[in-house]
1. I'd like the full set of residues that are of a type in the set (Asp, Glu) and within 24 Å of THR246 (Cβ to Cβ), limited to segment 320-369.
2. Taking the residues in segment 415-455 that are modelled with pLDDT of 95 or more, of a type in the set (Val, Ile, Thr) and assigned to a loop (DSSP other than H, G, I, E, B) as candidates, determine which candidate is farthest from ARG584 (Cα to Cα).
3. Give GLU129, GLU99 a once-over and let me know the one that is touching a residue at least 60 places away in the same chain (Cβ under 8 Å), among the acidic types (Asp, Glu) and closer than 27 Å to ILE162 by Cβ.
4. If you go through segment 406-413 one residue at a time, do you hit one that is out of contact with any Leu (no Cβ under 9 Å at 6 or more places or on another chain), closer than 30 Å to TRP626 by Cβ and not assigned by TED's automatic domain parsing to the domain that holds GLN315?
5. Can you pull out every residue in segment 311-328 that is touching a strand residue (DSSP E or B) at 6+ places or on another chain (Cβ under 6 Å) and within 15 Å of ILE379 (Cα to Cα)?
6. Output the number of the condition that ARG91 fails; it satisfies all remaining conditions of (1) more than 16 Å from the ligand (Cβ to nearest atom); (2) in contact (Cβ under 8 Å) with a residue 60 or more places away in the chain; (3) surrounded by 21 or more Cβ atoms within 10 Å (Cβ to Cβ).
Amino acid sequence: MPTIGYDYRAVTINGKRTLLLSGAIHYPRSTPGMWRSLMERSKEAGLNAIETYVFWNLHERRRGVYDFSDRLDIRRFLDIAHELGLYVILRIGPYICAETNYGGLPAWLRDVPGIQMRTDNEPFLREMEGWVRLFCDYVRPYFAPNGGPIILAQIENEYGNIAWRYGEEGERYLKRIAEMAESLQVGVPWVMCKGSAPGIIETINAFYAHPLLDEYFARYPNKPALWTEHWPGWYDMWGYPHNRRTPENIAYAAARFFAAGGTGMNYYMWHGGTNFDRDGSFLQTTSYDYDAPLDEFGLPTTKMYHLAHLHQILQDYAPVLVESERAQPEQLPENALAYAYQRDGRSLVFLCNDDTQKAVSVSYGGRRYQLPPQSVTIIGDGQPLMNTAQVEPRYVVERRFEACDPKLTPFQWWVEPLPNGEPTPLHPPVLSDKPVEQLQFTHDETDYCWYVAKLMVLPHQEGSGVLELHGVADVVHLFLDGQFVATTPAPLPENRNLDDPESFTQRFELTLSAGEHTLAILCCALGLVKGDWMLGERNMVDERKGFWGKLLWRGEPLEAPWRIEAGLKGEHYRVFAEGSALVRWESSLEVARGKPLCWWKTTFERPKSSTPLVLDLTGMTKGTAWLNGRCIGRYWLVPGTGKPEEWLLQAVYQEGEGLPTQRYYHLPADWLHEQNVLVLFEEVGGDPTQVRLCMRV
Ligand code: GAL
């Protein structure tokens with residue numbers, strides 16, 4: 001059986017140094033029917049490994065109830081990798097960040113008394129260890145020494161980013177989890193990214209890893225440089241433009257890393273896929289395309305072909321690279337650098353121009369080379385093989401969405417009643433003097449929570465003014481005396497601060513007459529945070545949704561008892577699935593067009609073509625969508641107007657400013673039937689006659 005180890009140059013498999021070219025494919029972000037072709041394409045593109053995180057939050061949505069079925073069938077995922085001869089890097093976490101709800105921790109952890117996440121806290125360590133042990137036993141046959149594909153395992157994730165918050169307590173935590181990991185005896189090396197503990201390989205996450213290597217080797221002279229997250233794009237958020245990164249820039253960063261002595265790299269993400277259901281963390285779009293080399297639907301892009309070219313060269317020359325010493329850079333004119341590797345009569349040379357603006361012309365080995373800005377030219381056995389800044393025309397793929405048959409049948413509708421205090425079997429209404437944070441009632445099993453109060457407006461308070469909600473999250477819709485009057489302005493900031501009241505304050509301009517009014521606030525969560533920093537100086541356990549603060553009208557508090565109702569009636573009845581017959585669907589579309597809180601239902605036949613299918617939600621505003629009873633995700637056509645964080649611009653550029661953040665929603669082939677039912681819950685108001693089925697071509 002294979003033995004996995006490492007030395008100062010590379011990971012070793014059966015004692016042989018191995019160059020690792022890996023791509024992240026998260027099993028829950030696609031469907032089992034997609035897995036084989038995703039991995040086959042990865043292999044064709046020259047990858048020899050697949051990386052995935054493990055999603056505790058999805059496997060154990062309810063405490064003690066484990067789900068390894070369907071898109072959570074990780075054993076099947078590992079089997080396919082194994083059959084295709086791909087290695088697997090398994091990042092167990094169980095805290096994983098990953099833009100997944102609560103960073104991969106199950107929401108019920110919040111209800112464990114005394115818990116603090118990711119520090120030396122007994123309840124957290126107990127729960128975490130319980131899961132990690134159970135999970136490792138579940139996949140034990142899949143570790144390489146037992147004949148399986150897993151060659152590396154990761155514990156925790158980027159603890160270095162938050163370690164300073166926890167001081168010695170954090171250090172104790174790291175030590176304890178490292179010991180715990182070792183005690184699991186999985187037989188493969190453990191890694192930790194950005195942060196480490198004795199006995200564990202620390203790995204790099206970055207857009208560019210080569211500037212970090214000198215420091216890395218100074219700290220870890222006996223460890224190989226592994227890059228667990230090379231981001232070939234970036235995630236998208238509601239209210240922000242689409243993030244992209246050029247193929248040339250990724251190829252430059254990758255080649256530059258291997259030139260400077262790296263021997264293992266994983267693209268995060270190689271295939272981004274979809275945040276189905278309510279799986280995404282706060283503010284994440286349903287698409288997790290990531291501008292990755294395989295697009296959301298698993299189709300190859302220009303990026304994939306360009307990188308495949310690089311991978312093929314790296315694999316051809318892998319022995320030359322890993323069996324020789326890390327090359328020292330040779331200074332060429334105008335700050336260009338050459339890294340030369342030689343072994344058994346073969347050679348591989350990287351000519352690097354790190355200047356982002358200036359092209360350079362250099363002579364090397366009797367030839368002249370033009371080095372474009374930020375580029376690497378690779379020379380194998382004296383022959384130029386690739387210039388990372390030149391994408392060959394044959395690699396260019398143009399894709400678009402095209403309207404397709406069949407057509408959707410005319411939509412029917414049913415309006416979600418405003419909350420009326422009627423008890424529902426799941427969530428009896430709660431009466432309270434003050435508004436109370438919603439997760440205490442919803443336990444994150446729904447996005448929705450109603451807050452209803454009767455407000456008395458005195459004569460001197462009447463007229464137009466600003467209604468302020470202090471302590472509110474995320475998106476809220478206000479209904480005054482049964483009428484929709486206002487909604488949260490977008491975009492929302494990604495990182496907020498629970499200790500800064502402004503961060504969780506929202507303001508709405510309204511006109512109120514004197515007298516009694518009923519205010520109903522529908523709070524809509526947009527996913528739980530993925531890390532402490534998203535709440536300021538707090539622990540993740542402090543995450544809040546709904547309304548927990550004060551209501552001010554023209555600067556004066558309006559006190560009233562509140563009735564809190566978790567979830568929607570339509571959710572309780574499951575009108576998007578088997579409960580569809582419990583309500584009366586109406587056909588007179590004109591009456592409901594633009595109505596808030598409207599459930600819409602249509603049907604369509606299975607398309608003849610097997611091309612990936614999407615739903616173009618033009619005409620709709622914000623809500624949730626289901627296909628044949630399965631939640632395809634949240635939708636929101638909010639225009640992308642937000643500004644990116646400065647640091648992203650070192651590698652990423654924005655596209656589609658002012659356009660709907662996400663217009664097309666993936667309908668996975670695995671979820672289609674001969675006759676299909678599509679249900680939308682529209683919160684604000686939409687025109688479904690514009691909604692269309694499209695193909696990705
Ligand atoms: C990293 C993190 C990943 C993912 C990524 C951004 O810092 O480790 O889990 O969140 O950022 O996509």
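The values are calculated or read from the model by the stated rules, or taken from the named source; none is laboratory data. All values reported here derive from a predicted model rather than from experimental measurement. Counting neighbours? That spans all protein chains shown, and the Cβs are built from the backbone with ideal geometry, glycine included.
1. Hits for segment 320-369 are GLU334, ASP354, ASP355.
2. If we take residues in segment 415-455 being modelled with pLDDT of 95 or more, of a type in the set (Val, Ile, Thr) and assigned to a loop (DSSP other than H, G, I, E, B), then VAL436 is farthest from ARG584 (Cα to Cα).
3. GLU99
4. Yes, there is a match, as at least one residue in segment 406-413 is out of contact with any Leu (no Cβ under 9 Å at 6 or more places or on another chain), closer than 30 Å to TRP626 by Cβ and not assigned by TED's automatic domain parsing to the domain that holds GLN315.
5. HIS311, ILE313, TYR317, VAL320, LEU321, ALA327
6. (1)
Yes/no matrix, rows are residues, columns are (1) assigned by TED's automatic domain parsing to the domain that holds ASP316; (2) surrounded by 15 or more Cβ atoms within 10 Å (Cβ to Cβ); (3) among the acidic types (Asp, Glu); (4) in contact with a His (Cβ under 6 Å, 6 or more places away or on another chain):
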| site | (1), (2), (3), (4) |
| --- | --- |
| LEU21 | yes, yes, no, yes |
| GLY33 | yes, no, no, no |
| GLU51 | yes, yes, yes, no |
| LEU58 | yes, yes, no, no |
| ARG63 | yes, no, no, no |
| PHE77 | yes, yes, no, no |
| TYR87 | yes, yes, no, no |
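Let's see how each residue does on (1) at pLDDT 95 or above; (2) within 17 Å of PRO94 (Cβ to Cβ); (3) of a type in the set (Val, Ile, Thr); (4) under 25 Å from the mean Cα position of the chain (by Cα):
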site: VAL132; (1), (2), (3), (4): yes, yes, yes, yes
site: PRO145; (1), (2), (3), (4): yes, no, no, no
site: GLU169; (1), (2), (3), (4): yes, no, no, no
site: ARG176; (1), (2), (3), (4): yes, yes, no, no
site: GLU179; (1), (2), (3), (4): yes, yes, no, no
site: VAL188; (1), (2), (3), (4): yes, no, yes, no
